1. I want the local charge near Gly19. Using Cβ-Cβ distances under 11 Å, sum +1 for each Lys or Arg and -1 for each Asp or Glu among the other residues.
2. Hey, can you rank 29-35, 62-68 by average C-beta count inside 10 Å, highest first?
Amino acid sequence: MQLEDLLNRYANGERNFSGANLVNVDLEQVNLTGINLREANLSGANLSGDCFLDADLGKANLEGANLSNTSFHRANLMGANLMGTEMYDTTISFADLTQANLRNAKFFQVGLKVMIKELFFEDTVMPDGTLATRYWV
């Protein structure tokens, strides 16, 4: 899927983009409230400054994505691959991170109020600067 196509369809009211292939897309400073990107491939994407209010990113591949200044309020991130993501000044509030993979993720100044079951950290830089080496929550 081309970025321009997604943005046009979203602007026209479409919200279901499950399974979309958006590898390395530059989708900076966009409001994507209510979008369904379940099982989408967003690896390497620049999503900095985006708003994912009430978004479904369940089982999405966000490996290596830039999530700085991004807001995930009430977002579904169940089973999402967040390996190696960069989260600086990111807000994750009232989101579900059940079974999300945060291996090698970098958290700095992240606001975190989440529902967590079976969250896996490995070599993950936590908001307080500590390194979680292997940890299931």
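1. Local charge sum for Gly19: +1.
2. 62-68, 29-35
Where a number appears in this text, it was derived from the coordinates with a stated rule and is not lab data. Nothing here was measured: the structure is a model prediction, and the numbers come from that model. Using ideal geometry, Cβ is built from the backbone for each residue, glycine included, and neighbour counts are taken over all protein chains shown.
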